[in-house]
1. For region 213-248, which residues satisfy the criterion of being closer than 22 Å to Gln102 by Cβ, charged (D, E, K, R) and within 17 Å of the chain's Cα centre (by Cα)?
2. Just checking, which of Lys112, Lys101, Lys83, Lys135 is among the basic types (Lys, Arg), surrounded by fewer than 21 Cβ atoms within 10 Å (Cβ to Cβ) and over 17 Å from Thr230 (Cβ atoms)?
3. Just checking, does region 239-254 include any residue being at pLDDT 95 or above, touching a Leu at 6+ places or on another chain (Cβ under 6 Å), closer than 30 Å to Lys83 by Cβ and not in a loop (DSSP other than H, G, I, E, B)?
4. Being surrounded by 20 or more Cβ atoms within 10 Å (Cβ to Cβ) and not small (Gly, Ala, Ser) narrows it down to one of Lys66, Lys73, so name that one.
5. Scan region 171-195 and report the pairs whose first residue is on the phi < 0 side of the Ramachandran plot and whose second residue is among the hydrophobic types (A, V, I, L, M, F, W, C) and exposed (fewer than 13 other Cβ atoms within 10 Å of the Cβ), with Cβ atoms within less than 7 Å and a gap of 6+ or a chain change.
6. Between Ala259, Ala221, Ala277, which is farther than 24 Å from Thr86 by Cβ, surrounded by fewer than 19 Cβ atoms within 10 Å (Cβ to Cβ) and aliphatic (A, V, I, L, M)?
7. Out of all the residues in region 178-218, which are under 20 Å from Asp125 (Cα atoms), not in a strand (DSSP E or B) and not small (Gly, Ala, Ser)?
8. Please specify each residue of region 234-266 satisfying the condition of being touching a residue at least 40 places away in the same chain (Cβ under 8 Å) and among the polar types (S, T, N, Q).
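The values are calculated or read from the model by the stated rules, or taken from the named source; none is laboratory data. The model shown is predicted, which means the values in this text are computed figures rather than measured ones. All Cβ positions, glycine included, derive from the backbone under ideal geometry; neighbour counts span all protein chains shown.
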Amino acid sequence: MKASALILCLFIPLPSLSAQESLKQSLVFHASFDKSMDADYSTGAKACLSKQGGKLLPCVPNEEVKLTTTGGKFGGCLHFPKKGVTRPQFSGVNILGYNDKQWSVTVSTWLKLTPDEDLEPGYCDPVQIVGNDTKKGFIFLEWSKNETPRFFRFAIRPLVEIWNPTNVQWDEIAFDKRPMVQIANAPFMREKWTHVVFTLSDINHKTGKPEGSLYLNGDVAGKIQNWDLTFGWDPASAALVLGASYVGHIDDLAVFNRALNADEVRALHQLAGGVSALK
């Protein structure tokens, strides 16, 4: 080989990972809800639990949350037929990766409901990330309680003294003064599944720029930026919680160990078989 050809070869960039391959390498949790409420895959615990009498016990289908074998976006799904107290949850240890230095993660799921017709009065949180104290941090997807049509929101509430130092009620704070993304007339309906993804980037990073992003059906719907997003959780307490006052369907819940970029979220949305296609 001539020297000039050798030099040219050295400057040819190596092929980058495809979006699907990068998703596969970052996947740490997947619950398809096809045959069980437990996760299909997890780098931590697979068990789906719920609080009963102050204790965390295995979550089993009941009148408030059902496991359907058909009708999901991909196979089966969870169905919350009415507002209840059963909230399926998964331990975040070795899944969510929460830490007090630099925390990034992505949560993906599919929802199906017509909010103004299906939801009962009051706030509704289909997905939450919680710790040992909501005053030390609280992350959630939410439908508002009083407006018609109801707003859909993604919120990252850090230490309460940061976002609410005067102890004002959440719904009394001006929309633009809350650490959240708010969407009017979000594309949810009974007849069609809606893909919801949220990312957290550099939470608790002392010198970085922490932020969160909300994606609906593969497109960016809004960002939470220019906030001090410092949390104070015990890492062992972090948990992923579903169905707080929710009425509707949930399918294909997944967690990735970093903040996915827009191209990766779009690729995730387009997976023909859902997250199972990554395995």
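1. Residue satisfying the conditions is Lys223 alone.
2. Details: Lys112 fails: surrounded by fewer than 21 Cβ atoms within 10 Å (Cβ to Cβ); Lys101 fails: over 17 Å from Thr230 (Cβ atoms); Lys135 fails: over 17 Å from Thr230 (Cβ atoms).
Step by step, each of Lys112, Lys101, Lys83, Lys135 is checked, and only Lys83 is among the basic types (Lys, Arg), surrounded by fewer than 21 Cβ atoms within 10 Å (Cβ to Cβ) and over 17 Å from Thr230 (Cβ atoms).
3. Pass one, region 239-254, residues at pLDDT 95 or above: 239-254.
Restricting the remaining residues to those that are touching a Leu at 6+ places or on another chain (Cβ under 6 Å) gives 247-248, 250.
Checking the rest, the ones that are also closer than 30 Å to Lys83 by Cβ come to 247-248, 250.
Filter again for not in a loop (DSSP other than H, G, I, E, B), leaving 248, 250.
Yes - at least one qualifying residue is present in region 239-254.
4. Details: Lys66 fails: surrounded by 20 or more Cβ atoms within 10 Å (Cβ to Cβ).
Just one listed residue meets the conditions, Lys73.
5. Gln182/Phe175
6. Details: Ala259 fails: surrounded by fewer than 19 Cβ atoms within 10 Å (Cβ to Cβ); Ala221 fails: surrounded by fewer than 19 Cβ atoms within 10 Å (Cβ to Cβ).
From the options Ala259, Ala221, Ala277, the qualifying one is Ala277.
7. Let us first name the residues in region 178-218 that are under 20 Å from Asp125 (Cα atoms), namely 178-190, 192-200, 212-217.
Of the ones still in play, those that are also not in a strand (DSSP E or B) are 178-179, 184-188, 190, 193, 217.
Correct list: Arg178, Pro179, Asn185, Pro187, Phe188, Arg190, Trp193, Asn217.
8. If we filter region 234-266 for residues that are touching a residue at least 40 places away in the same chain (Cβ under 8 Å), which is where we start, we get 234-260, 262-266.
Across region 234-266, the qualifying residues are Ser237, Ser245, Asn257.
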